[in-house]
Amino acid sequence: MNSVFVYCEIEDGTIADVSLELLTKGRTLASKLGVKLEAIVLGSGLKDVEKQVFPYGVDVLWKGDDKRLAPYTTLPHTSVLVNLFKEEKPQIAFMGATSIGRDLGPRVSSALHSGLTADCTSLEIGDYEDAKTKQVYHNLLYQIRPAFGGNIVATIVNPECRPQMATVREGVMKKEIYNPSHQGEVKNIDVNRYVNADVDFVIKVIERQIEKSKINLKAAPIIVAGGYGVGSKENFNLLYELAEVLGGEVGASRAAVDAGFCEHERQIGQTGVTVRPKLYIACGISGQIQHTAGMEESAMVIAINTDSNAPINKFADYVITGDLNVVIPKMIQYYKKNSK
């Protein structure tokens, strides 16, 4: 049984949060399987990058430090991973479901004929019995994700092909230090041995323009989220006012974004961002699984809805049945009155 591998994205010398979250989950799974956790970092200027990943329990860091590998381009990163995986034969490999992971993951899995499950919301280890052959497979990766538009939660297994590959969106897994003093082994990758220089470097990035997002829902302790039930873009102003009073951010369901009530950057759910605020106020949100998949880890949920049977009411801590155009102004009024 070989190692659990995590491909770590890096930008400006910093490992991406989604990669650290995958290292946290990878450490748990590797410990359960009794194997090593190994990380791969490809880029330029990677000196001391191991200090960022070793505290998360990484036993081996594969480091490919080459100016040609930064910024990310598809072909050389694919070649390095495919050839490294052929040599090391990992049983499990993870990537973030980012623009990079969604580009790289399918190419690697296709080249290795391994298959890949995208946008997993949970990863576990378990056994599987083939219903036809009655053969039992032990210690498979359960790749769990919503399917059929979020109407069911599917558990996908890959009994035969290796590595078992999955991508996970940022914020789905918790990021936790395993041991601040944990030390692993660094293995430097000879990039020239893994790439075809005549083919893999034909594309060069001439210029990059990156605009930082001004909205940081993941870091917001309080989120006031609106759904299609808010009714209009103008009504969303009430949510902004409540969020400002509470010191929080405004989020939205996909239905509200599709209706033009709110910009896409604020979308929470299966096709948006995943959040874990201390307080989540859901306004006019029915609570379909596509949305709740992105906010179910909230410490406290308050639901405001005219429908007393809305699905979100089932796991909300507090339910306010009423018109949000009446309820929210009262919340703003009383909070201003009673806050110091």
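The values are calculated or read from the model by the stated rules, or taken from the named source; none is laboratory data. Just so it is clear, the model here is predicted, and its values are computed rather than measured. Reconstructed Cβ throughout: ideal geometry from the backbone, glycine too, with neighbour counts over all protein chains shown. For the accessible areas, the whole protein counts, side chains as well, though only heavy atoms, and no ligand, DNA or RNA atoms are used. Shrake-Rupley method; radii C 1.70, N 1.55, O 1.52, S 1.80 Å.
Placing a label point 7 Å from the Cα of residue 201 along the Cα-to-Cβ direction, the residues of region 38-80 whose backbone N falls under 20 Å of that point are 41-47, 63-80.
For the pair residue 333 and residue 75 in one chain, pulling the backbone fully straight at 0.36 nm per residue adds 87.2 nm over the alpha carbon distance. Helical content alone sets the calculated 222 nm signal of the chain at -8000 deg cm²/dmol, taking -39,500 (n - 2.57) per DSSP H segment of four or more residues and averaging over every residue. Angle of helix 324-338 to the longest C-alpha principal axis of the chain, folded into 0 to 90 degrees and rounded to 10: 90°. Considering only 244, 207, 21, the mean-square fluctuation computed in a Gaussian network model of the chain, springs between alpha carbons under 10 angstrom, is largest for 207.
For region 17-78, averaging the sequence separation of C-alpha pairs within contact (under 8 Å, six or more residues apart) and dividing by the residue count gives a relative contact order of 36 percent.
Under a 5 Å amide H cut-off, with hydrogens placed 1.01 Å from N, residue 66 pairs with 43, 44, 45 among residues at least 5 apart or on other chains.
Taking 0.36 nm per residue of separation and subtracting the current Cα-Cα distance, fully stretching the chain between residue 179 and residue 17 would add 56.6 nm. Between the helical axis of 236-246 and the longest alpha-carbon principal axis of the chain there is an angle of about 80 degrees. For residue 201, neighbours were defined as the other residues whose beta-carbon sits under 14 Å from its Cβ, and their charges (Lys and Arg +1, Asp and Glu -1) total 0. When the Cα centres of region 1-76 and region 97-151 are compared, how far apart do they sit, in Å? For region 1-76 versus region 97-151, the Cα centre distance is 20 Å. Seen through its C-alpha gyration tensor, with square-root eigenvalues sorted a ≥ b ≥ c, region 230-319 comes out rounded because a/c lies under 1.5.
Taking every protein chain into account, the accessible area of region 3-146 amounts to 39 square angstrom per residue (probe 1.4 Å).
For a label point 7 Å from the Cα of residue 308 along Cα→C-beta, name the residues of region 315-340 whose backbone N is under 19 Å from it. Residues 315-327 qualify, since their backbone N sits under 19 Å from the label point. Phi angles of region 255-260 translate, via the Karplus equation with coefficients 6.51, -1.76, 1.60 and θ = phi - 60°, into HN-Hα couplings of 4, 5, 5, 4, 7, x Hz per residue; Gly and Pro are given as x. In the chain, the DSSP beta bridges split such that about 25 percent are antiparallel, to the nearest 5. With a cut-off of 15 Å between beta carbons, the residues surrounding residue 177 carry a summed charge of +1, where Lys and Arg count +1 and Asp and Glu -1. The chymotrypsin sites (Phe, Trp or Tyr not before Pro) of region 256-340 that DSSP puts in a loop, and whose beta carbon has at most 13 other beta carbons within 10 Å, are 315. The distance linking region 156-219 with region 256-333 is 32 Å (Cα centroid to Cα centroid, whole angstrom). Surface composition of the chain: carbon plus sulfur atoms hold 49% of the accessible area, using a 1.4 angstrom probe and ignoring ligands, DNA and RNA. Counted over region 1-103, the DSSP beta bridges are approximately 10% antiparallel.
Taking Cα atoms only, the orientation of helix 99-112 departs from the longest principal axis of the chain by about 40 degrees. I need the shape label for region 128-215. Rule: rounded when a/c is under 1.5, else prolate if a/b > b/c, else oblate, with a, b, c from the alpha carbon gyration tensor. Prolate, because a/c is 1.5 or more and a/b exceeds b/c.
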